[in-house]
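Step one of this worksheet: look at the structure below.
Derivation of every value follows stated rules applied to the coordinates shown; laboratory data play no part. What you are looking at is a predicted structure, and each value in this text was computed from that prediction instead of being measured. Every residue, glycine among them, receives a Cβ derived from its backbone with ideal geometry; neighbour counts consider all protein chains shown.
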Amino acid sequence: MSMAKTLSNWRDYVMMAGVIVLLAYLGWHLLSGRFGLLAYFTLAQKERQLDRELAGLLQDNAKLSQQVNLLRSDQLDPDRLDELARKMLHLAHPDDVIIKLPPNN
């Protein structure tokens with residue numbers, strides 16, 4: 001009878017050790033697994049960063065859309081066209097006053 005009791009205690013210890021190992025394994029993967037808490041927080045931070053980047057890109061897109069609308073032929077402002085052409089070609093109008101500044105070193 002004591003032999004049966006010893007085997008029963010041994011099985012209990014093995015079962016307890018198995019449960020502890022299983023819980024440790026699951027806990028480890030809950031924290032640092034591919035879809036664990038650390039990965040979740042990293043992805044949440046990346047999402048916030050991308051949201052900020054998207055907001056900046058949407059602002060840039062709105063500005064560029066406004067510039068494109070100003071250059072459409074039905075809404076074309078001759079003064080704006082003249083200003084852009086002179087700026088892009090590095091030319092000046094005869095009535096413009098040009099002030100040369102020393103280069104910044």
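Report, in debye and to the nearest 20, how large the dipole of the chain comes out about its Cα centre when Lys and Arg carry +1 and Asp and Glu carry -1 on their Cβ.
Values: 12 positive and 12 negative charges, 189 e Å.
The calculated dipole for the chain is roughly 900 debye.
Looking at the chain, the chymotrypsin sites (Phe, Trp or Tyr not before Pro) that sit in a DSSP loop and have at most 13 other Cβ atoms within 10 Å of their own Cβ are 35.
Specify which labelled value, from (1) 23, 17, 11; (2) 21, 19, 14; (3) 78, 18, 6, agrees with semi-axes √(5λ) of the Cα gyration tensor in Å derived from the coordinates of the model shown. After the calculation, the listed value that fits is (3).
Looking at the chain, identify the longest residue range that excludes and avoids all trypsin sites (Lys or Arg not before Pro) in DSSP loops having at most 13 other Cβ atoms within 10 Å. The reported range is 35-71. Taking only Cα atoms, what is the 0 to 90° angle, nearest 10, from helix 37-70's long axis to the longest principal axis of the chain? The angle comes out at about 20 degrees.
Placing unit charges on the Cβ atoms of the charged side chains and taking the dipole of the chain about its Cα centre, the candidate lying farthest along the positive direction among 102, 50, 17 is 17.
Let me check I've understood the local charge: for residue 80, count other residues with C-beta under 12 angstrom from its C-beta, Lys and Arg +1, Asp and Glu -1. What total comes out? Kindly include the intermediate steps, with their values, before the conclusion.
Values: positive: 72, 86, 87; negative: 77, 79, 82, 83.
Summing Lys/Arg as +1 and Asp/Glu as -1 gives -1.
Distance from the alpha carbon centroid of the range 70-105 to that of the range 24-65 works out to 43 angstrom.
When the helix-only estimate is applied to the chain (DSSP H runs of n ≥ 4, each -39,500 (n - 2.57), divided by the residue count), what is the mean residue ellipticity at 222 nm, nearest 500 deg cm²/dmol?
Numbers: 3 runs with 77 residues, N = 105.
Counting only the DSSP helices, I get -26000 deg cm²/dmol.
Look at the dipole of the chain built from charges on Cβ: of 91, 32, 69, the Cα furthest out on the positive end belongs to 32. Seen against the Cα atoms of the chain and their longest principal axis, helix 78-89 is set at about 70 degrees. The dipole here belongs to the range 11-73: it is taken about the Cα centre, uses +1 on the Cβ of Lys and Arg and -1 on the Cβ of Asp and Glu, and is about 140 debye. The mean of 1/r over all distinct Cα pairs in the range 18-60, once inverted, gives the Kirkwood hydrodynamic radius of 12.3 Å.
Per 0.36 nm of contour for each residue apart, how much would the distance between residue 39 and residue 99 grow if the chain were fully extended, relative to their Cα-Cα spacing?
Values: separation 60, 0.36 × 60 = 21.60 nm, distance 5.73 nm.
The residue 39-residue 99 span can extend by a further 15.9 nm.
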